[in-house]
Amino acid sequence: MTLKAQAVRGLQGFFRRGQGLVEFALILPVLLLFMLGIMEFGRVLYIYTEVSNAAREALRAGAATLHRANDADRGKVTAVECNEILNRAYGTLALTPRSQVTITVEYRRPTSGGGSTSLGVCASDPAQTQLPTAVLALNDQVYVEVQSRVSAATPLMQPFLPGLTLRFAGMRSVVPISGIAMPKP
């Protein structure tokens, strides 16, 4: 093999390596976008689980308010209990900031026509809070709604995740505290 043939063969190997580098440079942005999408999906799924757990915990705490207070306030939802319900729900959040979560706990009394009347509301927004004045009974219901606004963690994902709101709601009958397993405060 001549010296000229060896030089040509060496340059071909150099160009092949350069071709691989160019191909990698072309696919890298797509690969990074895909990886960011996977991480963003995982983060949103985790927040989804947190909001679901917050709704469940608020519902559990709100349903057990019937026999928690002392004898003078038995069956009434006080401001202390309202704050305890909200704090139990907020306690389940790790990634989601409190400023992006709205919690509403409403007590309802079923009517004979199949509907219900509102007894009062305990909400994370103090302007919406109107504590129930009536004494709660066993057939009363507690309705909980938790909403969270989710935005993209990176600006690259913003077009794919514009202003997503996660919402969970549930209803449960008010029960004696012995009927619900509550974690110790």
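Any idea which of (1) assigned to a loop (DSSP other than H, G, I, E, B); (2) at pLDDT below 90; (3) not acidic (Asp, Glu) is the one Thr92 doesn't satisfy?
(2)
At positive phi and modelled with pLDDT under 90: is that true of Gly18 in this structure? Step through it out loud before you land on a result.
Values: at positive phi: no; modelled with pLDDT under 90: yes.
The answer is no for Gly18.
Output the residues belonging to the range 152-185 that are surrounded by fewer than 18 Cβ atoms within 10 Å (Cβ to Cβ), within 27 Å of Ala94 (Cβ to Cβ) and modelled with pLDDT of 85 or more.
Leu164, Thr165, Arg167, Ala169, Gly170, Met171, Arg172, listed by residue number.
Return only the number of the condition from (1) surrounded by fewer than 18 Cβ atoms within 10 Å (Cβ to Cβ); (2) not in a helix (DSSP H, G or I) that Ser99 does not satisfy.
For Ser99, the failing item is (2).
Residues that are modelled with pLDDT of 90 or more and surrounded by 15 or more Cβ atoms within 10 Å (Cβ to Cβ): does the range 59-79 have at least one? Can you show your working first?
To start, the set of residues in the range 59-79 that are modelled with pLDDT of 90 or more comprises 59.
Now restrict to residues that are surrounded by 15 or more Cβ atoms within 10 Å (Cβ to Cβ): 59.
Within the range 59-79 (the criterion being modelled with pLDDT of 90 or more and surrounded by 15 or more Cβ atoms within 10 Å (Cβ to Cβ)), the answer is yes, since at least one residue qualifies.
Exactly one condition in (1) at pLDDT below 85; (2) surrounded by 18 or more Cβ atoms within 10 Å (Cβ to Cβ); (3) outside any helix (DSSP H, G or I) is not met by Val146; state its number.
(1)
Which ones in the range 107-139 are farther than 14 Å from Glu81 by Cβ and crowded, with 18+ Cβ neighbours inside 10 Å?
Arg108, Ser124
The values are calculated or read from the model by the stated rules, or taken from the named source; none is laboratory data. Just so you know, these numbers come straight off a predicted model, no measurement behind them. Glycine also receives a Cβ, built like all others from the backbone with ideal geometry; neighbour counts cover every protein chain displayed.
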